[in-house]
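The values are calculated or read from the model by the stated rules, or taken from the named source; none is laboratory data. Source: prediction; values computed, not measured. Because the Cβ atoms are built from the backbone with ideal geometry, glycine has one as well, and the counts that use them run over all protein chains shown. For the accessible areas, the whole protein counts, side chains as well, though only heavy atoms, and no ligand, DNA or RNA atoms are used. Shrake-Rupley method; radii C 1.70, N 1.55, O 1.52, S 1.80 Å.
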Amino acid sequence: MRTLGASALAFICWIAPAFGADLPAKKGPPAAPPVFTWTGFYVGMNFGSAWTGSRPISLSSANVFDVTGAGLGPASAFGASGVGYARLDDYYFGGQAGYNWQFTEKFVAGLEADIQGAGVRGGGGLANVTPAPSGFAVTSATLRRTLENFGTVRGRFGYAVTPTILVYATGGLAYGGVDVTSSVAQTLTATALIADVAKGDFYENRIGWTIGGGAEIALGHSLSAKLEYLYYDLGSASFGAPVSSLAFTDATTGVLQLVDAARVSTRFNGHLLRLGLNHRFDWSIPATSGSPATPLFASPKFEPMERSAFADWRIKVMPYLWAINTNGTLIAGGDAIGTDTTIIDAFTKTSSFPLAFMGRVEVSNGPLSLYGDFAWAQLRFAGSTLKVRSPVADVALAVSASGRLKQTLAIGEAGVTYELARWKFLGAPDSTIALGGYAGFRYGYLGIDLTAKAFGAANSQLLDLTAVGARSTVKSGSIRWVDPVVGIQLRHEFAPGEEFCARGDIGGFGVGSKFSWQFYGGYSRDFDFSGLKFVGMVGYRALGVNYSTWANGEQNGLNAVIHGPVTGVGMRF
């Protein structure tokens, strides 16, 4: 009996571990799943509308020379003074970059910088009839102001109403390029004195402040949309040095009799409302577990990967629209024509609808890609967007409202891209970053048909020159150039079929243009429809060119930045 009990006990001790191995192991509590956090570095784009803050724009004149003997100077200066009212509104678009830090469950702090190209402008006028000793000083003036570009550098402080909805206040520094133009005409009745129209054109970069707020909603792990309001104030600007004075001469003798010096003052402030789209980079988002609060910065971990292997050839065809804006100078037959135009001008300041055709083709196999890109556009602009510029820095000229410009632009590119390296982001299984280099050629064509009536308003302290006159300019012609280009390309695929692409290049080197550069940044996403594979794209493209040539003793050229948002829908094969 004792032997049987001992044997049974030994058998149980031997078999118990075997049964225990088949029983489910006791596990600890499950790890908290990752939660959404606002922390991370992002880039994006925006589109919005601006409207007027302060409306007054004033003209003040002082008589500085009077040998008429009739006391006409004070009446002339008083008549060429007054206050007009001008709007400062229109649409604009641009891009932004920033960083958010969600330091508690509900609160987010951040820093953001942005820059916008703008067609924000407006104008007003004034008319005076002032009694003079021998009649009247009859004056009419047109005053216009433009916010050609602007941007901000702001702090943001937000509250997460829900994990994916953030409301925030924001404020900081604002900056912008402002332009003021003036045109003053005056007649002194019952006298033999005559004066040409006095015109001025002034540009200045200014710094001010901004404050506002907004709301942002997460559309996914790394994509968000925002609605934002800002009030900006670049301060009051007063321009006097380049103003062309009213200079009266005797119609019979041509002798100078009377001169008035003028100054234009206005305040550049207003309101901005805009929509924005932001993309956060996976590598900048810290890992979360149970709480959206994170360290200030992530510690991204990358692992080198093998470059893409050669396999089947793939083709992407992408028709797109490039909303072209031009900031810079066209040189036609020796005349430097400043063009600060937006795509909105092409719609609102012309009787002809803008024409455009653009497309890009990429043929790729593993690390190798061949590309071709072509953009053609024909735009027409009216005189309020044109300025005649002198090659001498402090000589100011202006164009009347009769100016007309038809601009035909074609940009073609072709080249080869090769993937140099690839990394995998360990924080997201499907996220990869690929760095490539490319080289090729860029062809440029610019056709110009210009008709402009330019009035004097030429003043130069450097040349000790004051000249008032008028002339008509009719120019037409075309320039062509071919630039070798080299560049780098960065592709961040944060999910299959979703990627952010940035590429930049430089070219020219005196072979074609003196120098050229280009930058593109954009987001694309694949989608299927009726069994076909499509890809949608939205981004921003900027191209800078400095080219000039001489023909028949006259200079033609382009020194400008051509830029604007791009969007398109294409197909993959």
Of everything in region 260-280, what is within 20 Å of residue 124 (Cα to Cα), small (Gly, Ala, Ser) and at pLDDT below 90? Give them in sequence order. 262
Can you say whether residue 366 is modelled with pLDDT of 85 or more, surrounded by 13 or more Cβ atoms within 10 Å (Cβ to Cβ), under 22 Å from residue 525 (Cα atoms) and out of contact with any strand residue (DSSP E or B) (no Cβ under 7 Å at 6 or more places or on another chain), as far as the supplied structure shows? yes
Return the total of residues in region 245-268 being under 30 Å from residue 67 (Cα atoms) and either charged (D, E, K, R) or open to solvent by 60 Å² or more (accessible area, probe 1.4 Å) (or both). 8
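Could you please give the count of residues in region 288-322 that are among the small types (Gly, Ala, Ser) and surrounded by 13 or more Cβ atoms within 10 Å (Cβ to Cβ)? Give the steps one after another, and end with the answer.
Residues of region 288-322 that are among the small types (Gly, Ala, Ser), as a first pass: 289-291, 293, 298-299, 308-309, 311.
So of that shortlist, the ones also surrounded by 13 or more Cβ atoms within 10 Å (Cβ to Cβ) come out as 293, 298, 308.
Total satisfying the criteria: 3.
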Among (1) open to solvent by 50 Å² or more (accessible area, probe 1.4 Å); (2) more than 30 Å from residue 121 (Cβ to Cβ), where does residue 99 come up short? (1)
Checking residue 134 against (1) in contact with a Ser or Thr (Cβ under 9 Å, 6 or more places away or on another chain); (2) at pLDDT 90 or above; (3) surrounded by fewer than 16 Cβ atoms within 10 Å (Cβ to Cβ), which test does it fail? (2)
Name the single residue that is modelled with the lowest pLDDT among those in region 64-86 being in a loop (DSSP other than H, G, I, E, B) and under 43 Å from the mean Cα position of the chain (by Cα). 86
Please indicate, with yes or no, whether at least one residue in region 88-96 is outside any strand (DSSP E or B), surrounded by 21 or more Cβ atoms within 10 Å (Cβ to Cβ) and under 32 Å from the mean Cα position of the chain (by Cα). yes
Is it the case that some residue within region 269-283 is out of contact with any Phe, Trp or Tyr (no Cβ under 8 Å at 6 or more places or on another chain), open to solvent by 70 Å² or more (accessible area, probe 1.4 Å) and either among the polar types (S, T, N, Q) or assigned to a strand (DSSP E or B) (or both)? no
